[in-house]
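Data first, discussion second: the structure below is written as structure tokens.
The values are calculated or read from the model by the stated rules, or taken from the named source; none is laboratory data. Note that this is a predicted model, so its numbers are computed, not measured. FYI the Cβ positions are ideal-geometry reconstructions off the backbone, even for glycines, and counts take in every protein chain you see. What goes into the accessible areas is simple: the full protein's heavy atoms, side chains included, and nothing from ligands, DNA or RNA. Shrake-Rupley method; radii C 1.70, N 1.55, O 1.52, S 1.80 Å.
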Amino acid sequence: MPDGSWYGSWGICFTYGTWFALGGLAAAGKTNKNCLTIRRGVEFLLKLQRDDGGWGESHASCPNEKYIPLEGNRSNLVQTAWALMGLLHFGQAERDPTPLHKAAKLLINSQMEDDDFPQQEITGSFMKNCMLHYATYRNTFPLWALAEYMKNCISLSSVGEKLK
């Protein structure tokens, strides 16, 4: 898209598509240094990060085929996880890890006492206008993103030092 994003199917919408596109481009050996498309995709994600560290996109993005934020500029934890992983694929940890730390902090602080994450807005879609509730998304993607964050941003020695 002209704004640097990709339209996604199965997930809402540009956040999801951009995560997958950045991962695919990184797997093909593309980097910030050799690919304008990656730079534009990363810029798209970074400009939409909320003050709380998260991302939040409305289901209305799907049928309108343009990015529409969640009402009230709220963050969605699943979409935050997708954006975090997209930035990790790109190598944002080496460039400037601050947006990653902010996103991880939001995810960590949102986990409930029973270790689940709260159910929020629907994040699945099909054929632009059929919104789907995937019950496992709320836990799967935040946990996956936090694991990738730990692997890419936090050394085990620094975790050990912080736990002392």
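Among (1) in contact with a helix residue (DSSP H, G or I) (Cβ under 7 Å, 6 or more places away or on another chain); (2) under 24 Å from Leu143 (Cα atoms); (3) modelled with pLDDT of 95 or more; (4) surrounded by fewer than 23 Cβ atoms within 10 Å (Cβ to Cβ), where does Lys105 come up short?
Of (1) in contact with a helix residue (DSSP H, G or I) (Cβ under 7 Å, 6 or more places away or on another chain); (2) under 24 Å from Leu143 (Cα atoms); (3) modelled with pLDDT of 95 or more; (4) surrounded by fewer than 23 Cβ atoms within 10 Å (Cβ to Cβ), only one is false for Lys105: (1).
Criterion first (at pLDDT 95 or above and assigned to a loop (DSSP other than H, G, I, E, B)) does Asp116 satisfy it?
Working: at pLDDT 95 or above: no; assigned to a loop (DSSP other than H, G, I, E, B): yes.
For Asp116, the condition - at pLDDT 95 or above and assigned to a loop (DSSP other than H, G, I, E, B) - is not met.
It is to be established whether one or more residues within segment 128-141 are in a helix (DSSP H, G or I) and among the hydrophobic types (A, V, I, L, M, F, W, C).
Restricting attention to segment 128-141, the residues satisfying the condition of being in a helix (DSSP H, G or I) are 137-141.
Filter again for among the hydrophobic types (A, V, I, L, M, F, W, C), leaving 141.
Taking every residue of segment 128-141 in turn, at least one turns out to be in a helix (DSSP H, G or I) and among the hydrophobic types (A, V, I, L, M, F, W, C).
How many residues does segment 1-16 contain that are over 15 Å from Val42 (Cα atoms), assigned to a loop (DSSP other than H, G, I, E, B) and open to solvent by less than 70 Å² (accessible area, probe 1.4 Å)?
3
Can you tell me which residue is surrounded by the fewest Cβ atoms within 10 Å (Cβ to Cβ) among those in segment 67-92 that are assigned to a helix (DSSP H, G or I) and of a type in the set (Gly, Ala, Ser)? Talk me through it step by step, then tell me what you get.
Taking segment 67-92 and keeping what is assigned to a helix (DSSP H, G or I), we get 71-73, 77-90, 92.
Then keep just the ones that are of a type in the set (Gly, Ala, Ser); that gives 72, 81, 83, 86.
On the way: Gly72: 6, Ala81: 31, Ala83: 31, Gly86: 27.
So the residue we want is Gly72.
Hey, any hits in segment 129-147 for a residue that's loosely packed, with under 15 Cβ neighbours inside 10 Å, in contact with a Cys (Cβ under 7 Å, 6 or more places away or on another chain) and over 22 Å from Arg40 (Cβ atoms)?
Yes, there is a match, as at least one residue in segment 129-147 is loosely packed, with under 15 Cβ neighbours inside 10 Å, in contact with a Cys (Cβ under 7 Å, 6 or more places away or on another chain) and over 22 Å from Arg40 (Cβ atoms).
When you scan segment 45-66, how many residues do you find that are surrounded by 13 or more Cβ atoms within 10 Å (Cβ to Cβ) and under 18 Å from Pro97 (Cα atoms)?
9
Within the bounds of segment 28-37, is there any residue that is of a type in the set (D, E, K, R) and assigned to a loop (DSSP other than H, G, I, E, B)?
Our first condition is that a residue be of a type in the set (D, E, K, R); within segment 28-37, this holds for 30, 33.
From the residues that got through so far, the ones that are assigned to a loop (DSSP other than H, G, I, E, B) too are 30, 33.
For segment 28-37, residues of a type in the set (D, E, K, R) and assigned to a loop (DSSP other than H, G, I, E, B): present.
Quick one: count up the residues across segment 17-44 that are open to solvent by 80 Å² or more (accessible area, probe 1.4 Å) and among the small types (Gly, Ala, Ser).
1
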